[in-house]
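Here's the structure, in structure tokens; my notes come after.
Just so it is clear, none of the values below were taken in a lab; they were calculated from the coordinates. Being a predicted model, the structure only gives us computed values, none of them experimental. Cβ coordinates were reconstructed from backbone atoms using ideal geometry, including for glycine residues, and neighbour counts include every protein chain displayed.
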Amino acid sequence: MVFYNISENYTYMSIDTEILQRVQSSRVVEMDTIVLFITVTTYALCLLIPVLLYLYGEFRQQKVLKHKAFQLILALALNALLVGIVKYSINRPRPYTAVASVEQLASAGSPSFPSGHTACAFVVAATLCFMFKDKRLRFLVCLWAVSVAYSRLALGVHYPSDVLGAVIIGTLCAFAGQAVFTYRWNRNSL
């Protein structure tokens, strides 16, 4: 498994640790509350967005928006399944338990690789980018997803490779949700 080989390679781990230490040492301590807020609200936003999308579709009587809400829920469910399987298959320790210089600023209970928060944020961001053409919306959701990824590093709960793996998994789950939605939508419109 590619992720397993990357997470166990010593040279890569030292680069991973060095990047994490630089992120932590360059953080602005006064911003820790905001960074923690970004992390703490990630899962709530990931669940709230499809609910709001569905309710807005119901209110506007737009069936396509309700379908898009289900597309996002499908992608999030697939993401949760894959992240859980990979996390417990690799079982990588958190950086604050393996590297003495890494300061833990948030709680974390599961294994480190991949970052569940980051994967979830990238599922939502990528799916919304597929759904909507508004450049401002796309910019904002991508900025939010990158902020979530950064927060996981700054808080000392993930290595950069955890975040990178999560970006890949989350984006692939968004592509899978888009493919299923497009296939079903095209089949139903025949």
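Would you calculate a helix-derived [θ] at 222 nm for the chain, using -39,500 (n - 2.57) for each DSSP H run of n ≥ 4 and dividing by the full residue count, to the nearest 500? Before the final figure, lay out the partial values.
On the way: 8 runs with 149 residues, N = 190.
Helix contribution divided over all residues of the chain: -26500 deg cm²/dmol.
Can you tell me the relative contact order of segment 72-142? Whole percent, Cα pairs under 8 Å, sequence separation 6 or more. Each step should come with its number before you reach the end.
Numbers: 52 pairs, mean separation 25.0, N = 71.
Computed value for segment 72-142: 35 percent relative contact order.
What's the longest uninterrupted piece of the chain once you rule out the trypsin sites (Lys or Arg not before Pro) that are loop residues per DSSP with at most 16 other Cβ within 10 Å? Working shown, then result.
Details: sites that count: ARG60, LYS133.
Between the exposed loop sites, the longest stretch runs 61-132.
Most fluctuating residue of GLY109, GLY84, GLY177 in a GNM of the chain with Cα springs under 10 Å: which is it?
With Cα springs under 10 Å in the chain, the top fluctuation among GLY109, GLY84, GLY177 is at GLY109.
What percent of all Cα-Cα pairs in the chain falls into each 10 Å bin, going from 0 up to the bin containing the maximum distance?
10, 35, 32, 17, 6, 1, 0
In 5 Å bins starting at 0, how do the alpha-carbon pair distances of segment 121-190 split up by percent?
Histogram of Cα-Cα distances, whole percents per bin: 3, 17, 21, 20, 16, 11, 7, 3, 2, 1, 0.
Starting from the Kirkwood Rh over alpha-carbon pairs, what translational D in µm² s⁻¹ does segment 9-106 have by Stokes-Einstein at 25 °C and 0.890 mPa s? Present the calculation step by step, with values, prior to reporting the outcome.
Details: Rh = 16.8 Å.
In µm²/s, the coefficient is 146.
To the nearest 20 debye, what is the magnitude of the charge dipole of the chain about its Cα centre, counting +1 on the Cβ of each Lys and Arg and -1 on the Cβ of each Asp and Glu? Could you put the intermediate results ahead of the total?
Working: 16 positive and 9 negative charges, 192 e Å.
In debye, rounded to 20, the chain gives about 920.
Relative contact order, percent, of the chain when contacts are C-alpha pairs under 8 Å separated by at least 6 residues? All intermediate terms of the calculation are to be shown ahead of the outcome.
Numbers: 248 pairs, mean separation 56.1, N = 190.
For the chain, the relative contact order is 30 percent.
Comparing HIS117, HIS158, HIS67, which has the greatest mean-square fluctuation in the GNM of the chain with Cα pairs linked when under 10 Å apart?
Of HIS117, HIS158, HIS67, the Gaussian network model singles out HIS67 as fluctuating most.
Report the residue, chosen from VAL146, VAL99, VAL40, that carries the largest GNM mean-square fluctuation when the chain is represented by alpha-carbon nodes joined by springs under 10 Å.
VAL99
What ratio of Cα Rg to 2.2 N^0.38 Å holds for segment 86-166?
On the way: Rg = 14.0 Å, N = 81, 2.2 N^0.38 = 11.7 Å.
Computed over Cα atoms of segment 86-166, the ratio equals 1.20.
To one decimal place, what orientation-averaged projected area in nm² is obtained for the convex hull of the Cα set of segment 47-98?
Details: hull surface 17.5 nm².
Projected area, direction-averaged: 4.4 nm².
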